[in-house]
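Chemist: Supplied in structure tokens, the structure appears directly below.
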Amino acid sequence: MLCFELSDEQRMLRDLAHQFAEKEIVPVAAHYDTTGEYPWPIIRKGFDLGLMNLNIPEEYGGPGTSVLEECIINEELAWGCSGIQTAMMLNSLAAWPLILVGTEAQKTKYLGEWMMEKRKMGAYGLTEPAAGSDVAGIKTTAVKKNGYYVLNGSKTWITNAPIADFFIIFAKTDPAARHRGMTAFLVERGWPGLTTGKPMHKMGQHAAWTGEVFLEDVEVPVENRLGEEGQGFMIAMQVFDRSRPAVASAAVGVARRAMEEAVRYANERHAFGKPISVNQGVSFMIADMAMNIEAARLLAHKAAWLIDRGLPNVKEAAFAKAFAADVVMKTTTDAVQVFGGYGYSAEYPVEKLMRDAKIYQIYEGTSQIQRVIIARELLR
């Protein structure tokens, strides 16, 4: 049976997230965008309301939400500020490898004790200076020695790196084997040899701190390996299947906010004696925004629905990520156009929304890589 209606619980989660965005995020979004401060007060309130660590199973103290429910919540939080939403949701990304392949001891310690009880923060360390889209091209190495893996290398563009308490690090245990030689590790901050750089200055999403991670002879106990040697690439791909629908939904949230701002302004702004909303040049732009936002949301929800049921969603997740990323960029650009000169001013929110939007075409796999995935799935 095909049904587009949210359950009572899903509507409750949506309303909770929207109220949080409206009351706690929107009033301070411009402040964090301007100052570049990390939004610790919002993070703490998110913990208090159960809007952090969404995917951690109930047996470890978490909410245990489905991927679809993560999508619903991410859209609302990103509607408030996608930088703050990204900072909040990084724990869910860092938790996925543990949820998928972690041992019971690893889950108890890091999901239960660290993330839920002690409210520690995580980061996901995959991208490297010379390996972005080419995941298998990472250079960080892990050499097994005397009951430890010794890690050497560096990571870049790692969200939450400057503040994270632990890192999911992907490294090569067999460099000659390309993707079959990748292995995942859980590395704690404070271990000798691990350092992080300062937050990078970025175009948008200033509230989400992004930085470098440096590993110099970091000794990682064997029990902190995630899964088996050589499973790292598979783990990373399984994480993408679950994270890309949520990222697409966040893009939908930003696009929706931009459209709402454009609608409000178009009805208030007068030119030639009439609201500019009566002009087809403006009203058709807004109609296209609404149409594309609805399509992007449906693509994201379908990709989430599939993975929640244990069904393959690689192609559908790529559909959602690529389409939503392009939609949010087009929608925010058009929203700035509706505002005219005021849209180019930092005094109005659409300027920030447009800067925040661009990253969706880049992180979690560029829009070009999503098309490579889609073509591969169709043509194999």
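Chemist: Looking at segment 1-26 only, could you name the residues that are open to solvent by 100 Å² or more (accessible area, probe 1.4 Å) and outside any loop (DSSP other than H, G, I, E, B)? Step through it out loud before you land on a result.
Modeler: First, the residues of segment 1-26 that are open to solvent by 100 Å² or more (accessible area, probe 1.4 Å): 1-2, 4-5, 8-9, 12, 23.
Correct list: Asp8, Glu9, Met12, Lys23.
Chemist: Taking the criterion of being on the phi > 0 side of the Ramachandran plot, under 19 Å from the mean Cα position of the chain (by Cα) and not charged (D, E, K, R), would at least one residue in segment 18-40 satisfy it? Lay out the reasoning, then the answer.
Modeler: At the first step, the residues of segment 18-40 found to be on the phi > 0 side of the Ramachandran plot are 36.
Those still in the list that are under 19 Å from the mean Cα position of the chain (by Cα) too: 36.
Next, only the ones that are not charged (D, E, K, R) stay: 36.
Yes, segment 18-40 has at least one match.
Chemist: Residue check, Asn55 against (1) of a type outside the set (Val, Ile, Thr); (2) in a helix (DSSP H, G or I); (3) under 30 Å from Arg257 (Cβ atoms), all met but one. Which one?
Modeler: That leaves (2) as the condition not met.
Chemist: Now for a different question. Being under 25 Å from Thr332 (Cβ atoms) and in contact with a strand residue (DSSP E or B) (Cβ under 7 Å, 6 or more places away or on another chain) narrows it down to one of Leu77, Leu90, so name that one.
Modeler: Details: Leu77 fails: in contact with a strand residue (DSSP E or B) (Cβ under 7 Å, 6 or more places away or on another chain).
Result: Leu90 is the single residue among Leu77, Leu90 that is under 25 Å from Thr332 (Cβ atoms) and in contact with a strand residue (DSSP E or B) (Cβ under 7 Å, 6 or more places away or on another chain).
Chemist: Scan segment 343-380 for residues that are in contact (Cβ under 8 Å) with a residue 40 or more places away in the chain, of a type outside the set (Val, Ile, Thr), closer than 23 Å to His206 by Cα and assigned to a helix (DSSP H, G or I) and report the count.
Modeler: 10
Chemist: Exactly one of (1) open to solvent by less than 40 Å² (accessible area, probe 1.4 Å); (2) more than 30 Å from His201 (Cβ to Cβ) is unmet by Glu70. Its number?
Modeler: Of the numbered conditions (1) open to solvent by less than 40 Å² (accessible area, probe 1.4 Å); (2) more than 30 Å from His201 (Cβ to Cβ), the odd one out for Glu70 is (2).
Chemist: Kindly establish whether Phe319 is touching a helix residue (DSSP H, G or I) at 6+ places or on another chain (Cβ under 7 Å) and assigned to a helix (DSSP H, G or I).
Modeler: Numbers: touching a helix residue (DSSP H, G or I) at 6+ places or on another chain (Cβ under 7 Å): yes; assigned to a helix (DSSP H, G or I): yes.
The answer is yes for Phe319.
Chemist: If you don't mind, another one. For segment 83-110, give me each residue that is assigned to a helix (DSSP H, G or I) and either open to solvent by 30 Å² or more (accessible area, probe 1.4 Å) or hydroxyl-bearing (Ser, Thr, Tyr) (or both).
Modeler: Start the filter on segment 83-110 by keeping residues that are assigned to a helix (DSSP H, G or I), which leaves 83-101, 104-110.
Within segment 83-110, Thr86, Ser92, Ile99, Leu100, Val101, Glu104, Ala105, Lys107, Thr108, Lys109, Tyr110 meet the criteria.
Chemist: With respect to Val338, is the statement that it is open to solvent by less than 60 Å² (accessible area, probe 1.4 Å) and more than 19 Å from the chain's Cα centre (by Cα) true?
Modeler: yes
Chemist: Name the residues in segment 34-61 that are farther than 22 Å from Val254 by Cβ and open to solvent by less than 10 Å² (accessible area, probe 1.4 Å), would you?
Modeler: Passing the criteria: Asn53, Ile56.
The values are calculated or read from the model by the stated rules, or taken from the named source; none is laboratory data. Computed from a predicted structure; not experimentally measured. Cβ atoms come from the backbone with ideal geometry, glycine included; neighbour counts cover every protein chain shown. Only protein heavy atoms, including side chains, enter the accessible area calculation; ligands, DNA and RNA are left aside. Shrake-Rupley method; radii C 1.70, N 1.55, O 1.52, S 1.80 Å.
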